[in-house]
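Since the structure comes first, as structure tokens, the remarks are kept for the end.
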Amino acid sequence: MALNIKVGPIGALDMLKFKNQVKKRNQIIDSTTPAPLPEEYGTNARARALHPKAQTLLVKEVRQHQPDVKSYLLGREDGEPTAYFRAGQYLSVRLSIGGSEITRPYSISSAPQLALQGNYWITVKRTSPGFASDYILENWQEGTAVNVSGPEGEFYYEPLRDAKTVIGLAGGSGITPFLSMAYAIRDAAEDFNLTVLYGSRTKEDILFADEFAAIEKECPKVHLVNVLSDEEKEGMEHGFLTASLIQKYAGEEPFSVFACGPSAMYHFLDTELPKLNLEQKYIRRELLGAEKQPWTLPGYPTDKKDQIFQLTVKYVGNEKVIEASANEPVLVAIERAGIAAPSHCRSGECGYCHSRLVSGEVYIPEVSDGRRAADKEYGYIHPCASYPISDLVIELPGVY
Ligand code: FES
């Protein structure tokens, strides 16, 4: 095939024209003042607003629900929006208590919309043994300045993964993420059917009964069923969160199970949920804290229980040798020594505490082993979910 190339009457002049193009372009560039680069790009500002590393908030209101349970309204002083979140996420609260630098995750119980007005509600229940919860219940009052993370966690509805119907299994203050989800459904920020089976010992222990009742009136997609273990009450189920009870309220359509509660509830569910034959992706659980009795878990070397080991911690140019018990996560020992280690979820999931194990051995429960394959290969652990079973040397990440 012949090429059809047009050549000007004087070919050499065409070449000159081309050569002058570069000169001309440089003249234009030199004659204009370049616009200064923006100091900040909108995308970066938006990303920082949505995922701040830390937020300084004030306690604006305190509500006492029960002798050992209070809710706190945390908000910005200037009324600007706090970081928006997905219903079910949590805030990691940073505290300095008696020389220890610690964090604790608390689920947000309010509607995501409330963040647009600069506020979140969280609920704190005294635990046994208590430390952070005791401190908060006894010290936080209106006007207290509080340091929290941005919203964190994966415990939220994801339509690509979850069934359209969710059965929530809640125990104690584990009801809080479900309250937030119920608000989000009511406000059309989320679209799924939510039935929460809420396990309590007695009617007196139930939290947020009025709030759920009000939402149920407005929104037929939300339903709360109270399940009492220690007494029988009209209109409430009696017993535990068994597979047959879950099936009773789930019906015949596909459903996901979301669970949030104390370890004892999870241990019980470990025997009940397999009876439902659900695909793994339909079972979600929020841990929010390490296993308190690791010696009850499979694979724990019980001969190490109660033993104390030497833990050498390397961090930002420092090195400190401390003691660590095989009964507690490495992170707890580090915090007790007053070292401000990074952490958010405290259950092996988020990877924020990700640190290098230079030497030694740790026990990591399978249920909270959130490490990636590369972490395992290159010797990284999550100190929040690792228990010392020999002397250790550990290197914390440099910047957090
Ligand atoms: S704090 Fe989340 S993995 Fe350790």
Flagged in the stretch 227-260 as open to solvent by 20 Å² or more (accessible area, probe 1.4 Å), under 27 Å from the mean Cα position of the chain (by Cα) and not hydrophobic (A, V, I, L, M, F, W, C), in numbering order, are T242, P254
Residue check for T195: surrounded by 18 or more Cβ atoms within 10 Å (Cβ to Cβ), part of a strand (DSSP E or B) and not assigned by TED's automatic domain parsing to the domain that holds S256: no
Return the residues of the stretch 101-136 that are open to solvent by 30 Å² or more (accessible area, probe 1.4 Å) and polar (S, T, N, Q); say none if nothing qualifies. Q113, Q117, T127, S128
Would you mind stating whether I185 is open to solvent by less than 20 Å² (accessible area, probe 1.4 Å), over 23 Å from S107 (Cα atoms), at pLDDT 95 or above and not in a strand (DSSP E or B)? no
Residue identified as away from the ligand (no atom under 12 Å from the Cβ) and in contact with a Gly (Cβ under 9 Å, 6 or more places away or on another chain) among Y378, Y363: Y363
Count, please, the residues in the stretch 338-359 that happen to be more than 15 Å from the ligand (Cβ to nearest atom) and open to solvent by 40 Å² or more (accessible area, probe 1.4 Å). 2
Report yes if some residue within the stretch 373-386 is crowded, with 18+ Cβ neighbours inside 10 Å, of a type in the set (G, A, S) and either over 22 Å from S107 (Cα atoms) or touching a His at 6+ places or on another chain (Cβ under 6 Å) (or both); otherwise report no. yes
Residues in the stretch 33-57 that are open to solvent by less than 70 Å² (accessible area, probe 1.4 Å), under 16 Å from L116 (Cα atoms) and either touching a residue at least 12 places away in the same chain (Cβ under 8 Å) or assigned to a loop (DSSP other than H, G, I, E, B) (or both): how many? 5
Regarding the stretch 221-242, can at least one residue be identified that is out of contact with any Phe, Trp or Tyr (no Cβ under 6 Å at 6 or more places or on another chain) and assigned to a helix (DSSP H, G or I)? no
What do you reckon, is A47 among the small types (G, A, S) and at pLDDT 85 or above? yes
Could you please find all residues in the stretch 101-124 being more than 16 Å from the ligand (Cβ to nearest atom) and among the hydroxyl-bearing types (S, T, Y)? S109, S110, Y120, T123
Would you pick out the residues in the stretch 58-74 that are open to solvent by less than 60 Å² (accessible area, probe 1.4 Å) and without any contact (Cβ under 8 Å) to a residue 60 or more places away in the chain? S71, L73
Could you list, in sequence order, all residues of the stretch 391-400 that are surrounded by 14 or more Cβ atoms within 10 Å (Cβ to Cβ) and out of contact with any Pro (no Cβ under 9 Å at 6 or more places or on another chain)? D391, L392, V393, E395
What number of residues within the stretch 360-372 satisfy the criterion of being free of Cβ contacts under 8 Å to residues at least 24 places away in the same chain and either surrounded by 19 or more Cβ atoms within 10 Å (Cβ to Cβ) or outside the structural domain of V313 (by TED's automatic domain parsing) (or both)? 1
Among residues of the stretch 316-337, those that are free of Cβ contacts under 8 Å to residues at least 60 places away in the same chain and either over 21 Å from L95 (Cα atoms) or open to solvent by 70 Å² or more (accessible area, probe 1.4 Å) (or both), counted: 6
Matching residues in the stretch 311-328 - criterion: being out of contact with any strand residue (DSSP E or B) (no Cβ under 6 Å at 6 or more places or on another chain) and either within 16 Å of the ligand (Cβ to nearest atom) or not hydrophobic (A, V, I, L, M, F, W, C) (or both): Y315, G317, N318, E319, N327, E328
For the stretch 286-315, what are the residues that are among the charged types (D, E, K, R) and crowded, with 21+ Cβ neighbours inside 10 Å? E286, E291
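The values are calculated or read from the model by the stated rules, or taken from the named source; none is laboratory data. As the structure is a prediction and not an experimental result, all values here were calculated from the model. Backbone-built Cβ (ideal geometry, glycine too); neighbour counts: all protein chains shown. Calculation scope for accessible area: heavy atoms of the full protein, side chains included, ligands and nucleic acids excluded. Shrake-Rupley method; radii C 1.70, N 1.55, O 1.52, S 1.80 Å.
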